[in-house]
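Enquirer: The structure under discussion is supplied below as structure tokens; questions concerning it will follow.
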Amino acid sequence: QVQFVESGGDLVQPGGSLRLSCTVSGDFLGFYSMGWYRQAPGKQRELVAAISSFGITTYGDSVKGRFTTSRNNTKNMVFLQMDSLKPEDTAVYYCNKSPPGASSWGQGTQVTVSS
């Protein structure tokens, strides 16, 4: 029913910044709480940030103070601003509903933090 397309990932140096974007199609974004998830090779997928339909945000402990999520319901988009990036932030980043439930996953966007 709902499709997610992530973009904005790149190779950046430690301490750098990236802004990820997620475009949602197939439904009105404003109906849902949304989350940003990441998965590093050999590790479990983790929720790093979430934003309710009203804009209330929560963050994982590892990214608090460094990441900020926002949304534009009119454009059907969700964003993740990542600052002070660390090598351990390296992962494929996905957006989805929070919780994802039965929703399918997009391709994700690769974020690599390395010097």
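Enquirer: Sort out which residues of segment 58-69 are part of a strand (DSSP E or B) and open to solvent by 40 Å² or more (accessible area, probe 1.4 Å), and write them in order of number.
Expert: Of segment 58-69, the ones part of a strand (DSSP E or B) are 58-59, 67-69.
Passing the criteria: Thr58, Tyr59, Thr68.
Enquirer: Another question, then. Quick one: in segment 4-29, which of the residues that are surrounded by fewer than 13 Cβ atoms within 10 Å (Cβ to Cβ) and closer than 19 Å to Pro99 by Cα is nearest to the chain's Cα centre (by Cα)?
Expert: Residue satisfying both the conditions and the ranking: Ser25.
Enquirer: Just one of Thr90, Thr112 is within 18 Å of Ser17 (Cα to Cα), under 13 Å from the mean Cα position of the chain (by Cα) and either modelled with pLDDT of 95 or more or surrounded by 22 or more Cβ atoms within 10 Å (Cβ to Cβ) (or both); which is it?
Expert: Numbers: Thr112 fails: under 13 Å from the mean Cα position of the chain (by Cα).
When all the criteria are applied, what remains is Thr90.
Enquirer: If I filter segment 66-83 for residues that are of a type in the set (Gly, Ala, Ser) and over 14 Å from the mean Cα position of the chain (by Cα), do I get at least one hit? Don't jump to the end; show me each part of the working.
Expert: Just the residues of segment 66-83 that are of a type in the set (Gly, Ala, Ser), to begin with: 70.
If we keep only those that are over 14 Å from the mean Cα position of the chain (by Cα) too, we end up with none.
So far as segment 66-83 goes, no, none of its residues is of a type in the set (Gly, Ala, Ser) and over 14 Å from the mean Cα position of the chain (by Cα).
Enquirer: Follow-up question, since we're still on this one. If you scan segment 32-57, which residues turn out to be open to solvent by 30 Å² or more (accessible area, probe 1.4 Å) and more than 15 Å from Cys95 (Cβ to Cβ)?
Expert: Here is the first cut: in segment 32-57, the residues open to solvent by 30 Å² or more (accessible area, probe 1.4 Å) are 32-33, 39, 41-47, 53-57.
Pro41, Gly42, Lys43, Gln44, Phe54, Gly55, Ile56, listed by residue number.
Enquirer: Let me ask something additional. Give me a count of the residues in segment 60-93 that are without any contact (Cβ under 8 Å) to a residue 24 or more places away in the chain and among the small types (Gly, Ala, Ser).
Expert: 3
Enquirer: Could you run through segment 36-52 and say how many residues are farther than 14 Å from Met77 by Cβ and either among the aromatic types (Phe, Trp, Tyr) or part of a strand (DSSP E or B) (or both)?
Expert: Step one: filter segment 36-52 for residues farther than 14 Å from Met77 by Cβ, giving 37-50, 52.
Within this subset, residues satisfying the condition of being either among the aromatic types (Phe, Trp, Tyr) or part of a strand (DSSP E or B) (or both) are 37-39, 46-50.
The total comes to 8.
Enquirer: If Asn96 satisfies every condition in (1) in a loop (DSSP other than H, G, I, E, B); (2) of a type in the set (S, T, N, Q); (3) in contact (Cβ under 8 Å) with a residue 24 or more places away in the chain but one, which is the exception?
Expert: (1)
Enquirer: Here are some conditions: (1) on the phi > 0 side of the Ramachandran plot; (2) touching a residue at least 60 places away in the same chain (Cβ under 8 Å). Ser17 meets all but one. Which one does it not meet?
Expert: So Ser17 meets the others, but not (1).
Enquirer: Do the conditions hold for Leu80, that is, is it under 30 Å from Ser115 (Cβ atoms), among the hydrophobic types (A, V, I, L, M, F, W, C), in a loop (DSSP other than H, G, I, E, B) and open to solvent by less than 60 Å² (accessible area, probe 1.4 Å)?
Expert: Values: under 30 Å from Ser115 (Cβ atoms): yes; among the hydrophobic types (A, V, I, L, M, F, W, C): yes; in a loop (DSSP other than H, G, I, E, B): no; open to solvent by less than 60 Å² (accessible area, probe 1.4 Å): yes.
Taking the combined requirement at face value, the residue does not satisfy it.
Enquirer: Confirm whether Gly55 is small (Gly, Ala, Ser) and either on the phi > 0 side of the Ramachandran plot or out of contact with any strand residue (DSSP E or B) (no Cβ under 8 Å at 6 or more places or on another chain) (or both). Working first, answer last.
Expert: Numbers: small (Gly, Ala, Ser): yes; either on the phi > 0 side of the Ramachandran plot or out of contact with any strand residue (DSSP E or B) (no Cβ under 8 Å at 6 or more places or on another chain) (or both): yes.
Answer is yes for this residue.
The values are calculated or read from the model by the stated rules, or taken from the named source; none is laboratory data. Remember, predicted model here, so these are calculated numbers, not experimental data. As a convention, Cβ positions derive from the backbone with ideal geometry for all residues, glycine included, and neighbour counts pool all protein chains shown. Accessible surface areas use protein heavy atoms only, side chains included; no ligands, DNA or RNA. Shrake-Rupley method; radii C 1.70, N 1.55, O 1.52, S 1.80 Å.
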